[in-house]
Structure formats: structure tokens, C-alpha cells
Amino acid sequence: MRFPRSSFAALAALAALGALAACGNSTGLPPAHVFNVVDTVSLYALDGTPVTAPSAYDIELLRAVRTDVTTAYDFIFNIDTTGRAVLLPTGAVGLGKQSAILPQSASFDVVTDAPTSGYADSTATPIDSGTVAVIRSRPYSLCATGIVVFLYAKLEVLKIDRVARRLDFQILVDLNCGYRELSPGVPTR
């Protein structure tokens, strides 16, 4: 069943808050309860497109965002002056080394777990059609517990339209606190 994008984003935001609130369990991971789903998203290059076009993605809220409206995002799409398409973590745009990107050599379906290290947090990651990458979100501090958590996602570049300066990609985000599983459904590990 497909939900309208706005309904899905609202449900995802509530689920994310619930998942993050459950992170205070010191005896281990709370039971996973948020379904991992694959979504298709479009972003527009940070440079050379109208400011009203979204060029960044917020993993926690599962949505494309405008960089002129918020700094709450995990990566930005751009096409640099040489014509190279890139993904930029927050550290590459002066917002501190918070989010990070790790290109993968395996296909989207084969990547089922987020790696624990090797992420680039301050440099551009070149991309092209077929590129697969794992994204580590910016940290979320749970005020009641002081625990810092990250969320993980995998994406695959479907198409880069250099004329329209648009990136089309599919993404799967695991909103379950502490889980690194990047497969559809409720994580088990």
C-alpha cells in the first residue's frame, strides 16, 4: 500500500521520535518496530538551480529539504564547476563533521548492514548512475539520557540529469535506534 508522501513523512517523523526515545535502554537495543522501506527521491544541485528546489536530504524525517530553510540535513547534492556530481556530508559545507558518506562496491540489494568505520565526513563523494553509498546521519543527542545516536541509510543513484541538475535516487533508512540493518522490513539485528 502506498501512502501519500506527506502522510508517510508525518508517520515516519513520529516513528523516528519514538525510536529515538527508546534508546535509553541500557540493557541492550530496544525491540525494532519501524519498518525499513525503499523510497525514491529527487534532489536538485545546490548551485545553478532555484533556491526553492530541495538539494539536501534529512534522514531522520525521510525527506528532501531546502538548504535556505534549514541546516537539519545529512547530505547535499551538487554538481561542481568541473561538471562532477557529488554528495556532500555536513563537514564538506562548513556545518561540522557530523554526517558521513561511505561509497560501496556492492549493489544496493547486497548492502544489508551499515559498516562501523571508513566514512568520509568532510569531503565530497563523487557519484554517477549506479553509485551505491551508505550514509551515517548527523548525531542525535537524547536529552533525557545524554546518549548520542546515529541513523543509517543506503542509497543508489538512479539517474543524474546534468541539464536539469537533478539527482534521482532510491534510499532505505533504518530509523530503529542502534540498528544498522539496511534491508526492507523490521530489522532483526
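The values are calculated or read from the model by the stated rules, or taken from the named source; none is laboratory data. The shown structure was predicted, so the numbers you read here are calculated from the model rather than taken from an experiment. Note: ideal-geometry Cβ built from the backbone for every residue, glycine included; neighbour counts use all protein chains shown.
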Report task. Please specify each residue of the stretch 161-189 satisfying the condition of being surrounded by 17 or more Cβ atoms within 10 Å (Cβ to Cβ) and over 18 Å from Val38 (Cβ atoms). Result -> Arg165, Arg166, Cys177, Gly178
Report task. Could you figure out which of (1) assigned to a loop (DSSP other than H, G, I, E, B); (2) touching a residue at least 12 places away in the same chain (Cβ under 8 Å) isn't true of Gly96? Result -> (2)
Query raised in the report: Looking at Thr123, Thr116, which one is under 26 Å from Ala45 (Cα atoms), out of contact with any His (no Cβ under 6 Å at 6 or more places or on another chain), β-branched (Val, Ile, Thr) and outside any strand (DSSP E or B)?
Result: Thr123
Report task. Name the one entry in Ser137, Ser99 that is under 14 Å from Tyr57 (Cα atoms) and in contact with a helix residue (DSSP H, G or I) (Cβ under 6 Å, 6 or more places away or on another chain). Result -> Ser99
Requested in this report: Starting from the stretch 68-84, keep only residues that are on the phi > 0 side of the Ramachandran plot, then list their pairs with residues that are of a type in the set (Gly, Ala, Ser) whose Cβ atoms are within a distance under 9 Å, requiring at least 6 positions of separation or different chains.
Outcome: none
Report task. Only residues that are in a loop (DSSP other than H, G, I, E, B), modelled with pLDDT under 95 and farther than 14 Å from Leu172 by Cα: list them for the stretch 24-51, please. Result -> Asn25, Ser26, Thr27, Gly28, Leu29, Pro30, Pro31, Ala32, His33, Val51
